[in-house]
């Protein structure tokens, strides 16, 4: 049995249990091996971030802590640099999973070996091994561990919506402000915003587009907003009427 698998099985029976707890805000609590643990409801295929307690105190100056996560669906993540206390994961299938967080202290050399590829500061894979040069049968180097229940449910598509008004006016350009914050997600997931007009793309909940001021007759410009919850998306368009510059209104003559 690998060292990490041993601690995963023995965690709730050791003094390390919930010493470095999962700190993400839960939907509620449930029982696991006669211990109370957090539970989370997340949406299928939507990235979710989990956090454990940040390492601190005097020992933080003397050693690093490595955060090891097992998501319960066969995938694991380990921060390859010390004190990275968060993990992000997408569950591809609905169901209930046991999330495990284990925090190892580098009191001795730790050889990290998680099956899979390196992704930035993390090793991500589906091989349940964490190679450490010393095998011990207690929690001597296990700083803390915790469990949580994750309930993965269907994901619903978000709804794009936005407001628009003319922000500034000149004889050359008419700048319009677009606000997509009235968009919504029925599951409460955070949204990303992508705006498109005439081949130009901007991101963020609020953007500005400057349309050329027509010389004589009104023109129509169509703006598209696509919102995404990390899995599903929805697009809304709106046609903006751009009117010629009113020289008389501004006390100037038509050139």
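Only the coordinates and a few stated rules stand behind these numbers; no lab work does. Quick caveat: nothing in here was measured; it's all calculated off a predicted structure. Neighbour counts are summed over all protein chains in view; Cβ atoms, including those assigned to glycine, are modelled from backbone coordinates with ideal geometry.
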(request) Report yes if some residue within the stretch 229-244 is assigned to a strand (DSSP E or B), exposed (fewer than 12 other Cβ atoms within 10 Å of the Cβ) and free of Cβ contacts under 8 Å to residues at least 24 places away in the same chain; otherwise report no. (result) yes
(request) Would you please name the residue that is farthest from residue 67 (Cα to Cα), looking only at residues in the stretch 13-32 that are outside any loop (DSSP other than H, G, I, E, B) and under 21 Å from the mean Cα position of the chain (by Cα)? (result) 28
